[in-house]
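Colleague: Right, I'll just put the structure down here and ask away after.
The values are calculated or read from the model by the stated rules, or taken from the named source; none is laboratory data. These numbers come from a predicted model, not from an experiment. Methodologically, a virtual Cβ is constructed for each residue, glycine included, from the backbone with ideal geometry; neighbour enumeration extends over all protein chains shown. When the accessible area is computed, the model is the full protein with side chains, heavy atoms only, and any ligands, DNA or RNA have been set aside. Shrake-Rupley method; radii C 1.70, N 1.55, O 1.52, S 1.80 Å.
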Amino acid sequence: MEAAEKLAKWSKEVNELEAEVKRFEVEANEKAVDQLVHLAKVKDLLNQLKEQVPVEAPPKPWSYDGETGPDHWADLTSDYKLCGA
């Protein structure tokens, strides 16, 4: 096989590989877009659920003295009711 024939063969193979890489890039981009759309839908659903679920306020902080000391722990939150027993 002559050098010109080898060069033509390699050139054809390179062109075929470039075309295959381009197809993979297009396919990967399409999959990435599909995943982003899916994630956006999941995010929307989570936000809808978040709006439907009541959120409790965090318990008031407690301390060892003053208005949040041991004498008032039971008044801070129902979770601390036993402290008033």
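Colleague: For the chain, give the percent of accessible area contributed by carbon and sulfur heavy atoms, probe 1.4 Å, rounded to a whole number.
Modeller: 59 percent
Colleague: Give the residue from Gln48, Ala28, Leu7 lying farthest towards the positive end of the charge dipole for region 1-50; charges sit on Cβ (+1 for Lys and Arg, -1 for Asp and Glu) and the dipole is referred to the Cα centre.
Modeller: Towards the positive end, the residue furthest out is Gln48.
Colleague: Now for a different question. Is the C-alpha gyration tensor of the chain telling us rounded, prolate or oblate? Criteria: a/c under 1.5 is rounded; beyond that, a/b larger than b/c is prolate, otherwise oblate.
Modeller: It is prolate, given that a/c is not under 1.5 and a/b is the larger ratio.
Colleague: May I pose another question? For the chain, give the magnitude of the charge dipole about the Cα centre (Cβ charges: +1 Lys/Arg, -1 Asp/Glu; no others), in debye to the nearest 20.
Modeller: Using only the charged Cβ atoms, the result is roughly 220 debye.
Colleague: Here's something else I'd like to know. Could you tell me how many degrees, from 0 to 90 and to the nearest 10, lie between the Cα long axis of helix 3-52 and the main elongation axis, the longest principal axis, of the Cα atoms of the chain?
Modeller: That helix lies at roughly 20 degrees to the long axis.
Colleague: Could you rank the peptides 21-32, 51-62, 74-85 by their average count of other C-beta atoms within 10 Å per residue, with the highest value first?
Modeller: 74-85, 21-32, 51-62
Colleague: Hey, what's the chain come to in accessible area per residue, 1.4 Å probe, Å²?
Modeller: Per-residue accessible area for the chain comes out at 95 Å².
Colleague: By the scheme Lys and Arg +1, Asp and Glu -1, what is the net charge of all other residues having a beta-carbon under 15 Å from that of Leu82?
Modeller: On the way: positive: Lys81; negative: Asp71, Asp75, Asp79.
Around Leu82, the surrounding residues sum to -2.
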